[in-house]
Amino acid sequence: MMQELSDWLEQTALHAFFADTTRLETWLIIPLSQTIHILGVAVVMTAIGMLNLQLLGVRVTKQSFAELSAGWMPWIWGAMAVLFVTGAVQTIAEPTRELMNDTFRIKIVLLVIAVAITILYRAQVRKDPQYWERSGERRTAAFALASLSLVLWLGIVAAGRLIAYVGAIEEL
Ligand code: HEM
């Protein structure tokens with residue numbers, strides 16, 4: 001199925017446009033999207049870092065988790081939108097390199113789980129602003145989730161960087 005999707009993408013006008021390196025304006029698209037992608041990574045990792053450190057007991061600010069997460073969520077969703085668009089541009093430009101790459105697939109699976117945890121954080125504090133800070137049991141659950149979330153996001157960054165190398169190794 002991924003091979004079919006990849007073959008289909010390679011027939012599209014959008015692929016021809018993004019993959020066209022003969023003209024400066026199209027040649028710039030990929031390096032520009034890679035640069036913006038990395039800036040998006042910096043924003044997401046900072047915001048996610050602030051939330052998880054707070055749940056790990058490293059109080060970065062005097063704010064409650066509900067206040068802190070309310071401030072950072074727009075940055076997370078904004079940067080995720082940028083990462084999705086720039087990632088999609090790079091995927092349309094080189095569909096086989098990405099879609100047929102196990103590291104890319106692992107990255108997307110880790111991303112779905114990490115985003116689900118972030119949504120859970122907010123869903124609970126919307127119902128009860130003190131949810132993650134209310135009791136010892138909740139704090140233990142928050143600590144476990146924050147540890148998992150941090151490992152997942154670091155895994156996403158590592159997988160994102162490794163795509164280029166694993167792809168090259170498979171071609172050997
Ligand atoms: C939202 C969906 C996302 C998509 C579709 C996506 C897609 C991609 C693609 C296609 C590449 C280029 C890989 C290559 O060919 O070398 C890439 C690179 C990368 N991605 Fe993502 N990505 C997404 C989200 C993220 C997130 C959330 C992070 C981390 C928080 C991330 C971190 C990275 C990193 C570190 C690289 C390597 C950049 C480089 O060194 O050039 N990506 N991503």
P129: passes all of (1) farther than 21 Å from I38 by Cβ; (2) part of a helix (DSSP H, G or I) but (2)
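Residue by residue, here is whether (1) assigned to a helix (DSSP H, G or I); (2) touching a helix residue (DSSP H, G or I) at 6+ places or on another chain (Cβ under 8 Å); (3) farther than 30 Å from T91 by Cα holds:
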position	(1), (2), (3)
T118	yes, yes, no
Q124	yes, yes, yes
R138	yes, yes, yes
L152	yes, yes, no
R161	yes, no, no
Quick check: is even one residue across region 136-155 within 8 Å of the ligand (Cβ to nearest atom) and either under 12 Å from the mean Cα position of the chain (by Cα) or within 20 Å of I48 (Cβ to Cβ) (or both)? yes
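Considering E98, E25, which residue is touching a residue at least 12 places away in the same chain (Cβ under 8 Å), part of a helix (DSSP H, G or I) and acidic (D, E)?
Only one candidate passes the filter, namely E98.
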V82: passes all of (1) assigned to a helix (DSSP H, G or I); (2) within 25 Å of G136 (Cα to Cα); (3) of a type in the set (V, I, T) but (2)
Filter region 81-105 for residues that are under 17 Å from H37 (Cα atoms) and aliphatic (A, V, I, L, M) and give the result. A81, V82, L83, V85, A88, V89, I92, A93
Going through region 66-104 in order, the residues found to be surrounded by 14 or more Cβ atoms within 10 Å (Cβ to Cβ), under 16 Å from Q3 (Cα atoms) and away from the ligand (no atom under 11 Å from the Cβ) are M100
Is at least one residue of region 49-60 near the ligand (Cβ under 9 Å from one of its atoms) and either without any contact (Cβ under 8 Å) to a residue 40 or more places away in the chain or assigned to a helix (DSSP H, G or I) (or both)? no
Among the residues of region 13-38, how many are over 21 Å from R105 (Cβ atoms) and among the polar types (S, T, N, Q)? 4
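Just so you know, all these numbers are worked out from the coordinates, no wet-lab data involved. Bear in mind the structure is a predicted one, so any value in this text is a computation, not a measurement. Cβ atoms come from the backbone with ideal geometry, glycine included; neighbour counts cover every protein chain shown.
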